[in-house]
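Below is one structure, written out as structure tokens, with a few remarks after it.
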Amino acid sequence: MKLLKLQKKLSETEPYPPSEDTFFLADYVKNIKGYSALDVGTGSGYLSALLAKSFSLVVATDISFNVLKKQNYFTSNMICCNGADALNYKFDLIICNLPYLNTEEVLDLTTDGGKEGLTIPMEIIGSVKSRIKPGGELIYVTSSLSNFKKLIDYTKLDGFSVRIIAKKKLFFEDLILVKAIKLFS
Ligand SMILES: C[S@@+](CC[C@H](N)C(=O)[O-])C[C@H]1O[C@@H](n2cnc3c(N)ncnc32)[C@H](O)[C@@H]1O
């Protein structure tokens, strides 16, 4: 994406309101406890606020500074970056409600995944993989609207055991929850 076009999109992006996919991930995350957790693509901060109930250290990232400024659920430890690029730390848990729509171009940063719904998810997963402790977990939401099998295969690289842990049928898609456990560093 050209730099000026990207800057315009970033400055215009509004926080994604908590939606079906947010609640799908929240239902699973609310039962996990640990020391450190990272919420990538935090949007409104709804999931980070939930993590803060059961983790001592919670960090939230989003690629849009405008989104972070307008966040209303979680207001500390927020970092504006791609994925986890700005962090030099290994977390017990990383979660992400990915922008997964299969789109020719990325016009809406909150929902568009690019070709096959994979360009942005692969960029985010590539960024977070090295920020998980051995034995730690990455949990993300994807969808039947994207090439989720290819995304799972990509997640398996670099020592991860990966499986689908839940599916939810909606009117026009199946939401898919994926868990990846880091086997070694
Ligand atoms: C589907 S929304 C999810 C928002 C929130 N986590 C939720 O579940 O309601 C995806 C979020 O990812 C952010 N995002 C998109 N690309 C990103 C990237 N490369 N790195 C970090 N955040 C990104 C968007 O700005 C948006 O806030």
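Check Lys8, Lys53, Lys69 and return the single one that is basic (Lys, Arg) and either within 12 Å of the chain's Cα centre (by Cα) or in a loop (DSSP other than H, G, I, E, B) (or both).
Numbers: Lys8 fails: either within 12 Å of the chain's Cα centre (by Cα) or in a loop (DSSP other than H, G, I, E, B) (or both); Lys69 fails: either within 12 Å of the chain's Cα centre (by Cα) or in a loop (DSSP other than H, G, I, E, B) (or both).
Only one candidate qualifies: Lys53.
Could you please give the count of residues in segment 11-34 that are within 17 Å of the chain's Cα centre (by Cα), part of a helix (DSSP H, G or I) and either aromatic (Phe, Trp, Tyr) or more than 27 Å from Ile132 (Cα to Cα) (or both)? Explain how you work it out, then say what you get.
Within segment 11-34, the first condition is being within 17 Å of the chain's Cα centre (by Cα), and the residues that meet it are 13-30, 32.
When the remaining residues are screened for being part of a helix (DSSP H, G or I), the result is 20-29.
Applying the additional criterion that residues be either aromatic (Phe, Trp, Tyr) or more than 27 Å from Ile132 (Cα to Cα) (or both) yields 23-24, 28.
Selection size over segment 11-34: 3.
Out of Leu25, Leu10, I need the residue that is among the aliphatic types (A, V, I, L, M), surrounded by 18 or more Cβ atoms within 10 Å (Cβ to Cβ) and under 23 Å from Asn77 (Cβ atoms). Which one?
Values: Leu10 fails: surrounded by 18 or more Cβ atoms within 10 Å (Cβ to Cβ).
Result: Leu25 is the single residue among Leu25, Leu10 that is among the aliphatic types (A, V, I, L, M), surrounded by 18 or more Cβ atoms within 10 Å (Cβ to Cβ) and under 23 Å from Asn77 (Cβ atoms).
Within 9 Å of the ligand (Cβ to nearest atom), modelled with pLDDT of 95 or more and of a type in the set (Ser, Thr, Tyr), is that true of Tyr28?
Working: within 9 Å of the ligand (Cβ to nearest atom): no; modelled with pLDDT of 95 or more: yes; of a type in the set (Ser, Thr, Tyr): yes.
Judged against the criteria, Tyr28 is not a match.
Ser56 - would you say it is surrounded by fewer than 16 Cβ atoms within 10 Å (Cβ to Cβ), more than 9 Å from the ligand (Cβ to nearest atom), farther than 18 Å from Leu109 by Cα and among the hydroxyl-bearing types (Ser, Thr, Tyr)?
On the way: surrounded by fewer than 16 Cβ atoms within 10 Å (Cβ to Cβ): yes; more than 9 Å from the ligand (Cβ to nearest atom): yes; farther than 18 Å from Leu109 by Cα: yes; among the hydroxyl-bearing types (Ser, Thr, Tyr): yes.
Answer is yes for this residue.
Let me spell it out: the conditions are (1) at pLDDT below 95; (2) surrounded by 23 or more Cβ atoms within 10 Å (Cβ to Cβ); (3) in contact with a Cys (Cβ under 7 Å, 6 or more places away or on another chain), and Phe65 meets all of them except one. Which number is the exception?
Only one criterion is unmet by Phe65, namely (2).
May I ask you to list pairs of residues, at least six apart or on different chains, whose Cβ atoms are under 8 Å apart, with the first in segment 13-42 being of a type in the set (Lys, Arg) and the second being surrounded by 17 or more Cβ atoms within 10 Å (Cβ to Cβ)?
As it stands, the answer is Lys30/Leu50; Lys33/Phe55, since those pairs meet every condition given.
Just to be sure I understand, how many residues within segment 164-185 are under 18 Å from Ile132 (Cβ atoms), in a strand (DSSP E or B) and not aliphatic (A, V, I, L, M)?
Taking segment 164-185 and keeping what is under 18 Å from Ile132 (Cβ atoms), we get 165, 177-185.
Applying the additional criterion that residues be in a strand (DSSP E or B) yields 165, 177-182.
Restricting the remaining residues to those that are not aliphatic (A, V, I, L, M) gives 179, 182.
Summing the residues that are under 18 Å from Ile132 (Cβ atoms), in a strand (DSSP E or B) and not aliphatic (A, V, I, L, M) in segment 164-185 gives 2.
Evaluate segment 121-131: report whether one residue or more is more than 25 Å from Leu107 (Cβ to Cβ) and surrounded by fewer than 18 Cβ atoms within 10 Å (Cβ to Cβ).
First, pick out the residues of segment 121-131 that are more than 25 Å from Leu107 (Cβ to Cβ): 129-131.
Narrowing the set further to residues that are surrounded by fewer than 18 Cβ atoms within 10 Å (Cβ to Cβ) leaves 130.
Checked against the condition, which is being more than 25 Å from Leu107 (Cβ to Cβ) and surrounded by fewer than 18 Cβ atoms within 10 Å (Cβ to Cβ), segment 121-131 yields at least one hit.
Answer yes or no as to whether Tyr154 is within 12 Å of the chain's Cα centre (by Cα) and of a type outside the set (Lys, Arg). Write out each step before concluding.
Values: within 12 Å of the chain's Cα centre (by Cα): no; of a type outside the set (Lys, Arg): yes.
No; evaluated as a whole, the condition is false for this residue.
Is one or more of the residues making up segment 89-106 touching a residue at least 24 places away in the same chain (Cβ under 8 Å) and out of contact with any strand residue (DSSP E or B) (no Cβ under 8 Å at 6 or more places or on another chain)?
Within segment 89-106, not a single residue is touching a residue at least 24 places away in the same chain (Cβ under 8 Å) and out of contact with any strand residue (DSSP E or B) (no Cβ under 8 Å at 6 or more places or on another chain).
The values are calculated or read from the model by the stated rules, or taken from the named source; none is laboratory data. Predicted, not measured: the structure shown is a model, and the values here were computed from it. Neighbour counts run over all protein chains shown; Cβ positions are idealised from the backbone, glycine included.
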